[in-house]
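Only the coordinates and a few stated rules stand behind these numbers; no lab work does. None of the values given here were measured: they were computed from a predicted structure. As a convention, Cβ positions derive from the backbone with ideal geometry for all residues, glycine included, and neighbour counts pool all protein chains shown.
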Amino acid sequence: MHLTERMQAVCDLIKYSKTVCDVGCDHGFVPIYLVKERAFTAALAMDINEGPLAAAGINIEMNGVADKVKTKLSDGLNMLLPGDAEAIVIAGMGGRLMVRILEDAIGKISDDIFGIKELILQPQSELQYFRRSVRQLGLYCEAEDMVLEDGKFYPMGRYVYKGTEATDDDDMSVGLFDKYGQHLLEDKNEVLRMYLEKEKKSIAGIVESLEKANDSEERIKRMAEVKEAAALNELALKYFK
């Protein structure tokens, strides 16, 4: 079964598991793939809307995996039961929505009775907020990847629950890692490098535009924000030199 490059990268991050729950399953391709191609013993396609679940159900039947892949209507992980899945996949949602789902489910994620070994998370937006928030929930990022698909950049990571630890969120390196991803930087991920080069040009264009604008309190505030972004971008690019 063929997946998009983004969803293939998501699946490739799964390391410890043979059962999976895909939250926001869309057409159910991830659980179908993992059962057919990765010999997963069971999978759960979960969604808050009946439409995607119906589409997933059709695909599950067509691929002959109805004995191993089940569907379940659920808001986030609310309907997850102990033993349902070792791996949780949440991909293609906004970062703030994903944090809300994880906050609601942290009791299950941290409880050994549920048996969750890893979470593969691919937020679509608000990455800095997302990374900071999941860290504060006690989720530790073990590995990251990033792909460029149809002109869009998609970062993702494998997280395990380790419990909350005191973190200095004002530290520059923490802010840098939250914005771009510690493993992506340290591994010199080529797609991240492409993103940083594109961002650098975008920032330069904004600075040029602001320099031509009339002086105002809003302009001064915006210039300070852009200069801070430029400084983080420059620090990130140093990992690739």
Radius 12 Å from Cβ of Lys241, net charge of other residues (Lys, Arg +1; Asp, Glu -1): +2
Segment 174-241: translational diffusion in µm²/s, Stokes-Einstein, Kirkwood Rh over Cα pairs, 10 °C, 1.306 mPa s: 124
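Provide the FRET efficiency to the nearest 0.05 for the Met194-Asn214 pair, computing r from the beta carbons and using R0 = 41 Å. List each step's numbers first, then the result.
Working: r = 35 Å, r/R0 = 0.85.
Once the sixth-power term is evaluated, E becomes 0.75.
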Size of electric dipole in segment 5-166: Cβ of Lys, Arg +1 and of Asp, Glu -1, about Cα centre, debye, nearest 20: 260
Virtual spin-label span in nm between Ala230 and Asp187, 7 Å along Cα→Cβ: 3.2
Exposure proxy order (Cβ contacts within 10 Å, fewest to most) of Cys11, Cys141: Cys141, Cys11
Cα pair distances in segment 71-136, grouped into 5 Å bins until the bin that holds the longest one, percent each: 3, 17, 29, 27, 16, 6, 1
Order of Arg132, Arg219 - criterion: other Cβ atoms within 10 Å of each residue's Cβ, fewest first: Arg219, Arg132
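In the structure shown, do any of Lys18/Lys152; Lys18/Lys72; Lys179/Lys201 have a Cα-Cα gap over 28 Å, and if so which? Walk me through the numbers before you get to the answer.
Numbers: Lys18/Lys152 30 Å; Lys18/Lys72 19 Å; Lys179/Lys201 17 Å.
From Lys18/Lys152; Lys18/Lys72; Lys179/Lys201, over 28 Å: Lys18/Lys152.
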In sequence order, calculated HN-Hα J values of segment 81-93 (Karplus, 6.51, -1.76, 1.60; Hz; x Gly/Pro): 10, x, x, 5, 7, 8, 10, 10, 10, 10, 9, x, 10
Semi-axes of the equivalent ellipsoid for segment 5-166, Cα gyration tensor, largest first, Å: 23, 18, 15
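Taking a ≥ b ≥ c as the square roots of the Cα gyration tensor eigenvalues, with a/c under 1.5 meaning rounded and otherwise prolate when a/b beats b/c, else oblate, which class fits segment 99-210?
On the way: a/c = 2.30, a/b = 1.83, b/c = 1.26.
The shape class here is prolate.
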For segment 1-41: rounded, prolate or oblate by the Cα gyration tensor [a/c cutoff 1.5]: rounded
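What percent do you get for the relative contact order of the chain when only Cα pairs under 8 Å and 6+ apart count? Present the calculation step by step, with values, prior to reporting the outcome.
Values: 414 pairs, mean separation 37.3, N = 241.
Once normalised by length, the contact order is 15 percent.
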Beta bridge orientation in the chain: antiparallel %, DSSP, nearest 5: 40
Tilt relative to the chain, helix 217-237 - C-alpha long axis, 0 to 90 degrees, to 10: 60
Computed [θ] at 222 nm, helices only, for the chain once each DSSP H run of length n ≥ 4 contributes -39500 (n - 2.57): -14500 deg cm²/dmol
Sorted by Cβ density within 10 Å, fewest first, the residues Arg158, Arg96, Arg222: Arg96, Arg222, Arg158
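Relative contact order for segment 144-241: what percent, with Cα pairs under 8 Å and sequence separation of 6 or more? Please list the in-between numbers first.
On the way: 63 pairs, mean separation 28.4, N = 98.
Taking the mean separation of contacting Cα pairs over the length of segment 144-241, I get 29 percent.
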